[in-house]
Amino acid sequence: MERPQILFLIILISSLCFIAESDQFCDAGIGIDKSTCGITSSSKLLIKGGTVVNAHHQEVADVYVEDGIIVAVKRNIKVGDDVAVVDATGKYVMPGGIDPHTHLAFEFMGTETVDDFFTGQAAALAGGTTMHIDFVIPVNGSLSAGFESYVKKAKKSCMDYGFHMAITKWDEVVAQEMEIMVKEKGINSFKFFLAYKGALMISDELLLQGLKKCKSLGALAMVHAENGDAVFEGQERMIELGITGPEGHALSRPAVLEGEATSRAIRLASFVNTPLYVVHVMSIDAMEEIAKARKAGQKVIGEPVVSGLVLDESGLWDPDFVTAAKYVMSPPIRSSGHDKALQAALSTGVLQLVGTDHCVFNSTQKSIGIDDFRKIPNGVNGIEERMHLVWNTMVESGQISVRDYVRITSTECARIFNIYPKKGAILAGSDADIIILNPNASFEISSKHHHSRTDTNVYEGKKGKGKVEVTISGGKIVWENDELRVIPGAGKYIEMPAFNYLFDGIYKADAQYLSSTRAPVKRFHSST
């Protein structure tokens, strides 16, 4: 067979495989509307009569969209017959949610998360999240190999996404690769694990090197803050006591270890004078360290996750292993009281935005650790539930305003990762990633109806007010009337530039520090 014919066959087979994959997802039983799967909607869209809410302002207005971009936000926009119209009267029109913390297609603890870059994103869209930022894990320490691996994983994306990068070792090659990631690949944040000894955990020496490099590149340093050495000791202690079930997970890594690591990371970031982002803040201990640092003027961002805001650790003591194991995540879900304190911190600005740490394993995978909690894959769901639970927990209860809701679920994330107002806003020129939320509609969460591939849900049975009725991604209606219309490959990689607003004034502060040291002192040697 001649080469052009072979090439044609390869292209044909690849196309058929993609179509087959799309059909497979349409028939996968995750709630996708099969009759419209793959059918795109009009490139022109008018959202009429809703209350448009941004973090800084809200007003009753129409929103006109063309080719995936918001063209106008004003009252009484007139359009032609070729424009699809959505009536949002009596409802809120808001920027789609941005989840700053996810792990899709993540290889961890000897297995891989069941949600990939299609099913996880499909679940997100059904819940009103239109972009997420996932963590790239290096391959054998190589950032470039890790990046290429995740580029392949993300080819089936159905919504926009960005990447953080984890740092798991340190040498000159890693330092050079960090520069490439920032300057060529659109990554502006690097995560350092202070936990998971023997796997992802790094030393204080490495953290210091990483903080310095992040500062020089204008990249944001992120930390998973738990004292990994003490956690290891705690795990050994539990096993010696015969505590092998999921409750041993919480008992082995108490809040004091999260507080210690948070304090240590904050102080080292202060020493280097670079911004710090603390992921999944789960305890009063960690939150208070962040509050203290921010009050002193240090640039520290605290990210609680939904599980820490709305759950307590009681599920880990459930006598049914499958039920208890589904709650295992790190840092662990804390005892009652921590949740309310985190809510209060979020409402007062001590904590700035809400993520999920969506990292899901099914009950079979979790059962790997049935005789040893240390082997239970860590992670819970949340990418689909976040927007509803935050609304019900924070807005419906009166703790925050609707504008604050937009800020903590979308706008602040866009600002921190330097993609505002392209994302995180309903403004002319912004991407048309939009949700319509009905504050009077109710929701109920169930693993039977969610869109994740996992067979359990840590929020099982939770009910509340405030439902996302329409999700628009890239100007297309992808969620409406409880039907999901998405195809793999529709999502775009969003590059995130360096030097976000947190770096404002950093170098001026460095200069002021140097001038205040009164050093070096000019000395003389006394004659004897």
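Only residues that are over 17 Å from the mean Cα position of the chain (by Cα), closer than 21 Å to Val354 by Cβ and among the hydroxyl-bearing types (Ser, Thr, Tyr) were counted across the stretch 267-320, and they come to 1. For the residues Ala498, Ala519, Ala509, the requirement of being open to solvent by less than 60 Å² (accessible area, probe 1.4 Å), hydrophobic (A, V, I, L, M, F, W, C) and assigned to a loop (DSSP other than H, G, I, E, B) singles out Ala498.
Kindly establish whether Val63 is of a type in the set (A, V, I, L, M), part of a strand (DSSP E or B) and open to solvent by 40 Å² or more (accessible area, probe 1.4 Å).
No; evaluated as a whole, the condition is false for this residue.
The single condition among (1) among the aromatic types (Phe, Trp, Tyr); (2) open to solvent by 30 Å² or more (accessible area, probe 1.4 Å); (3) assigned to a loop (DSSP other than H, G, I, E, B) that Tyr459 does not satisfy is (2).
For the stretch 174-218, filtering for residues that are among the basic types (Lys, Arg) and surrounded by fewer than 18 Cβ atoms within 10 Å (Cβ to Cβ) leaves 3. Scanning the stretch 286-307 for residues that are assigned to a helix (DSSP H, G or I), open to solvent by less than 20 Å² (accessible area, probe 1.4 Å) and over 12 Å from Ser270 (Cβ atoms) turns up Ala286, Ile290, Val306, Ser307.
Within the stretch 277-301, residues that are farther than 25 Å from Tyr507 by Cβ and without any contact (Cβ under 8 Å) to a residue 60 or more places away in the chain have Cβ atoms under 8 Å from residues that are open to solvent by 30 Å² or more (accessible area, probe 1.4 Å) and aliphatic (A, V, I, L, M) in these pairs: Asp285/Val256; Ala291/Val350, counting only partners at least 6 apart in sequence or on another chain. Those strands (runs of 3 or more DSSP E) of the stretch 69-172 in which at least 3 residues are open to solvent by 10 Å² or more (accessible area, probe 1.4 Å) and farther than 30 Å from Lys183 by Cβ, considering only elements entirely within it, cover 69-74, 84-87.
Restricting attention to the stretch 476-495, which residues are modelled with pLDDT of 95 or more, outside any strand (DSSP E or B) and crowded, with 22+ Cβ neighbours inside 10 Å? Outline the logic, then answer.
As a first pass, look at the stretch 476-495 and keep what is modelled with pLDDT of 95 or more: 476-486, 488-495.
From what is left, the residues that are outside any strand (DSSP E or B) are 481-482, 485-486, 488-492, 494-495.
Scanning the stretch 476-495 gives Arg485, Val486, Gly491.
Against the condition more than 19 Å from the chain's Cα centre (by Cα) and within 14 Å of Met131 (Cα to Cα), how does Ser401 come out, does it pass? Here the answer is no, as Ser401 does not meet what is asked. For the stretch 236-249, residues that are open to solvent by 10 Å² or more (accessible area, probe 1.4 Å) and under 19 Å from Asp285 (Cβ atoms) total 0.
Here is a check on your reading of the model: is His57 of a type outside the set (D, E, K, R), at pLDDT 95 or above and under 30 Å from Lys366 (Cα atoms)? Spell out the reasoning first.
Numbers: of a type outside the set (D, E, K, R): yes; at pLDDT 95 or above: yes; under 30 Å from Lys366 (Cα atoms): no.
Answer is no for this residue.
The values are calculated or read from the model by the stated rules, or taken from the named source; none is laboratory data. Source: prediction; values computed, not measured. No Cβ is skipped: glycine too gets one built from the backbone with ideal geometry, and neighbour counts run over all protein chains shown. Remember, those area values only see protein heavy atoms, side chains included, never the ligands or the DNA or RNA. Shrake-Rupley method; radii C 1.70, N 1.55, O 1.52, S 1.80 Å.
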